[in-house]
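Peer 1: There's a structure below that I have some questions on.
The values are calculated or read from the model by the stated rules, or taken from the named source; none is laboratory data. Since the structure is predicted, the reported quantities are computational estimates derived from the model, not experimental observations. Cβ: placed from backbone, ideal geometry, glycine included. Neighbour counts: every protein chain shown. Heads up: the accessible areas ignore ligands, DNA and RNA and are worked out on the full protein's heavy atoms, side chains in. Shrake-Rupley method; radii C 1.70, N 1.55, O 1.52, S 1.80 Å.
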Amino acid sequence: MPYSVILAHPRPGSLNHALARAACAAIEQHGGQARFHDLHAEGFDPLLPAAEVARDAPLPPLITTHCREIAEAEGIVIVHPNWWGMPPAILAGWVDRVLRPGVAYEFLEGDAGEGVPRGLLAARAAVVVNTSNTAREREARVFGDPLDRIWKDCIFGLCGVAKVRRRMFETVVTSDPATRREWIAQTEALVRETFFTR
Ligand SMILES: Cc1cc2nc3c(=O)[nH]c(=O)nc-3n(C[C@H](O)[C@H](O)[C@H](O)COP(=O)(O)O)c2cc1C
């Protein structure tokens, strides 16, 4: 069974890279196939060109591959740091270009785009792993934890993936190696429990 693992972090060797690798390892340990994309390493172009907006637009081969993989995925893992309460721009652009109409969602007949779309992704569940430097209580109280709504409601909920498990690991900047190892172990456990435990 294929699982998509999408990583958005510019620095090889980062905690985010370790968390994404842990997710891939957990998938492979349970007999799944981890299809891993390090968007920075790939040089993924996040700019959605005008020519790709239409539902039936011809797509470049790389985008076609991403679309096919995300449509086939049994489960999806997203790993990224909290940047201004948003995913890094490279990942926002991946969402723009890959979670397309006809791939991730569609509007019902007679709906020009003003109504409630139907989700098309086959994935049973998604895992979102975030890192940040803001304490959990302050993130919730002051900012409202926007990443929670973005991934659960605005993106996966709309695309038909109802089960979304998310963790935000903080505070990275003051964390010690033992804490980071614990976060890596928690990521493996989250992937196992979300995708492979009945
Ligand atoms: C452009 C940018 C924006 C950031 N915005 C936030 C933010 O809004 N809230 C926060 O807690 N941390 C913010 N950070 C800190 C990152 O979340 C933090 O460096 C990252 O989670 C650490 O993970 P890493 O060790 O894998 O790099 C920001 C960092 C950068 C570079």
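Peer 1: Quickly rank 103-115, 8-20 as a protection proxy: mean count of other C-beta atoms within 10 Å, highest first.
Peer 2: Ranking, from highest mean packing down: 8-20, 103-115.
Peer 1: Along each of its three principal axes, how wide is the spread of alpha-carbon positions in the range 84-198, in whole angstrom units, largest first?
Peer 2: Here the spans come out as 55, 35, 25 Å, largest first.
Peer 1: Taking the Cβ of residue 118 as the centre, find all other residues whose Cβ is under 11 Å away and add up their charges (Lys, Arg: +1; Asp, Glu: -1).
Peer 2: Result for the neighbourhood of residue 118: -3.
Peer 1: Roll a 1.4 angstrom probe over the protein heavy atoms and tell me the percent of accessible area of the chain that is carbon or sulfur.
Peer 2: Heavy-atom surface of the chain belonging to carbon and sulfur, 1.4 Å probe: 55 percent.
Peer 1: Where in the chain are the DSSP H helices whose alpha-carbon span along the long axis reaches 18 Å or more and whose Kyte-Doolittle mean is at least -0.5?
Peer 2: 15-29, 177-196
Peer 1: If R0 is 25 Å, what FRET efficiency do you get for residue 50 and residue 72 from their C-beta distance, rounded to 0.05?
Peer 2: 0.35
Peer 1: Further question: Count the net charge of all other residues whose Cβ sits under 14 Å from the Cβ of residue 4, scoring Lys and Arg as +1 and Asp and Glu as -1.
Peer 2: The answer is -3.
Peer 1: Which of the peptides 48-57, 71-80 is most tightly packed, and how do the rest follow, judged by the mean count of other Cβ atoms within 10 Å per residue?
Peer 2: Per-residue mean Cβ counts within 10 Å order the peptides as 71-80, 48-57.
Peer 1: Would you please give the FRET efficiency between residue 185 and residue 118, computed as 1/(1 + (r/R0)^6) with r the Cβ-Cβ distance and R0 = 45 Å, to the nearest 0.05?
Peer 2: About 0.75, to the nearest 0.05.
Peer 1: Shifting gears a bit: Under 1.5 on a/c is rounded, so check that first for the range 13-93, then, if it is not, pick prolate when a/b is larger than b/c and oblate when it is not; a ≥ b ≥ c are the square roots of the alpha carbon gyration tensor eigenvalues.
Peer 2: In terms of gyration-tensor shape, oblate.
Peer 1: Using only alpha carbons, build the gyration tensor for the chain and give me the equivalent ellipsoid semi-axes, biggest first, whole Å.
Peer 2: Numbers: eigenvalues 151, 70, 57 Å².
Largest first, the chain gives 27, 19, 17 Å.
Peer 1: Still on this structure, I have one more. State the answer as a single residue: which of 48, 183, 14 lies farthest towards the positive end of the charge dipole of the range 2-196, with beta carbon charges of +1 for Lys and Arg and -1 for Asp and Glu, about the Cα centre.
Peer 2: Going by the Cα projections, it comes out as 183.
Peer 1: Sticking with this one: Just the number please: accessible area per residue for the chain, 1.4 Å probe, all protein chains included, in Å².
Peer 2: On a per-residue basis, 50 Å².
Peer 1: Please figure out what share of the DSSP beta bridges in the range 2-196 is antiparallel and state it in percent, rounded to the nearest 5. List each step's numbers first, then the result.
Peer 2: On the way: 3 of 29 bridges.
Beta bridges within the range 2-196, antiparallel portion: roughly 10 percent.
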